[in-house]
1. Which of rounded, prolate, oblate describes the range 236-302, given a ≥ b ≥ c as roots of the alpha-carbon gyration tensor eigenvalues and a/c under 1.5 marking rounded, otherwise prolate only if a/b is larger than b/c?
2. Hey, any idea what Rg/Rh is for the range 40-117, computing Rh the Kirkwood way over Cα pairs?
3. Once you keep just the Cα pairs under 8 angstrom separated by 6 or more residues, what percentage relative contact order results for the chain?
4. Give me the distance in nm between label points sitting 7 Å out from Cα along the Cα-to-Cβ direction at Thr196 and Trp247, one decimal.
5. Would you kindly calculate the mean projected area, averaged across all directions, of the convex hull enclosing the Cα atoms of the chain, in square nanometres?
6. Go through 138-145, 289-296 and give me the packing order, highest mean Cβ count within 10 Å leading.
7. Tabulate in residue order the Karplus-calculated ³J(HN,Hα) for the range 95-101, using 6.51 cos²θ - 1.76 cosθ + 1.60 with θ = phi - 60°, rounded to whole Hz; enter x for Gly and Pro.
8. Helix-only mean residue ellipticity at 222 nm, the chain, DSSP H runs n ≥ 4 weighted -39,500 (n - 2.57), per residue, nearest 500. What is it?
Amino acid sequence: MKAMLIHRYGGPELFESGEIATPRPGRGEVLVRVRGSSVNPVDCGIRAGMLKSFNRLRLPAVLGVDVAGEVAELGEGATRFSPGDRVFAFTGIKLGGGYGELLVLPETYLGRVPASLNWAEAGTVPGVGATAYEAFTVHAPLKPGMRVFINGAAGGVGTYAIQIAKALGAEVTCTCSGSKAALVRKLGADHVVDYTKGDPFTSDQGTYDVVLDAVRGTSLARLRKLLRSDGVLVTINGYPWDVGLAWIRNLISPQRTVVFFVKTSGELLDGLAKMIDVGKVRPVVEHTYTWNELAEAHRRVETGRVAGKVAVVPPGMGGST
Ligand SMILES: NC(=O)c1ccc[n+]([C@@H]2O[C@H](COP(=O)([O-])OP(=O)(O)OC[C@H]3O[C@@H](n4cnc5c(N)ncnc54)[C@H](OP(=O)(O)O)[C@@H]3O)[C@@H](O)[C@H]2O)c1
């Protein structure tokens, strides 16, 4: 099968088209023909070797933690899907596979793609969509009327977080640069703070039920000041040691801090798909790149300025739109 490969860790220019053996599905697994993927900041980190101390790739490697595609073949005992079904998955940092023609996944990783999404859109949903959905349904379940603060609302996770929070009935305040205020308001944000115009964490301190942090490097102590005395801070940018620190802090404080890494879960994606099906959530796709533009797609994400997501599709499926 064809794939975009990296033969060593390094910059975006390293992607090369190549051939590798087609994988076969084992017990409880499904072979998926890839129709769409995306670039996440973590894909760039894996490519650059930033995660290699705990996630060493077998090279050459096929990256791409997001996948949308059709079920091509079922392994023994895989019963949830039929050949031809439209599915999507966050494959996790060890498997990747979104920049190849086919990949094998456990069927439990797969959700069903909503009928309203095209392949480019579907490929951008899993990692960031599941992250925002997991944050607001598992770690800090939102109820109507809750006040939510989203730090970093214009990117992949943030654009889902706004829509999911609104779908669950919350009042949403969020940060972004002024040029993206119109986008986040269109997605449902009630209040927008332009972080380029001064400190975004000084007003309404002590008033939020939930704060979601989607900006790497933000001080968790400063974000906690926004919380009510029993509020929850959820961060997706914690370092491994932050998990331990949060555990200790949660023993002594009525405020809760949650540091999490999104699960590879079809169930989460099916929950999110229901919100997409009823029109409460839509993917925001800034640009669609094809495989031969993969380097450009990675460079764009590395700017940290993407509005929503960049999509990546295999040859013959569109691109540069
Ligand atoms: N733990 C997990 O499971 C998990 C899952 C997904 C993502 N993540 C991590 O979460 C972070 C966000 O992911 P993502 O996919 O949403 O990234 P992204 O799409 O690359 O985020 C880009 C957005 O960040 C905004 N931004 C940058 N600096 C900002 C600041 N100081 N304040 C407010 N907004 C700012 C930019 O808006 P402006 O142009 O307006 O600045 C841009 O729209 C990344 O570090 C990623 O690795 C973790």
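1. oblate
2. Ratio value, two decimals: 1.01.
3. It rounds to 20 percent for the chain.
4. Each label point is offset 7 Å from its Cα along the Cβ direction, giving 4.1 nm.
5. For the chain, averaging the hull's shadow over all directions gives 15.9 nm².
6. 289-296, 138-145
7. For the range 95-101, the Karplus curve yields 8, x, x, x, 9, x, 5 Hz.
8. Taking each H run of at least 4 residues, the total per residue is -7000 deg cm²/dmol.
A short reminder: the numbers here are calculations on the coordinates, not readings from a lab. Note that the coordinates shown come from a computational prediction; the quantities given were computed from them, not determined experimentally. Reconstructed Cβ throughout: ideal geometry from the backbone, glycine too, with neighbour counts over all protein chains shown.
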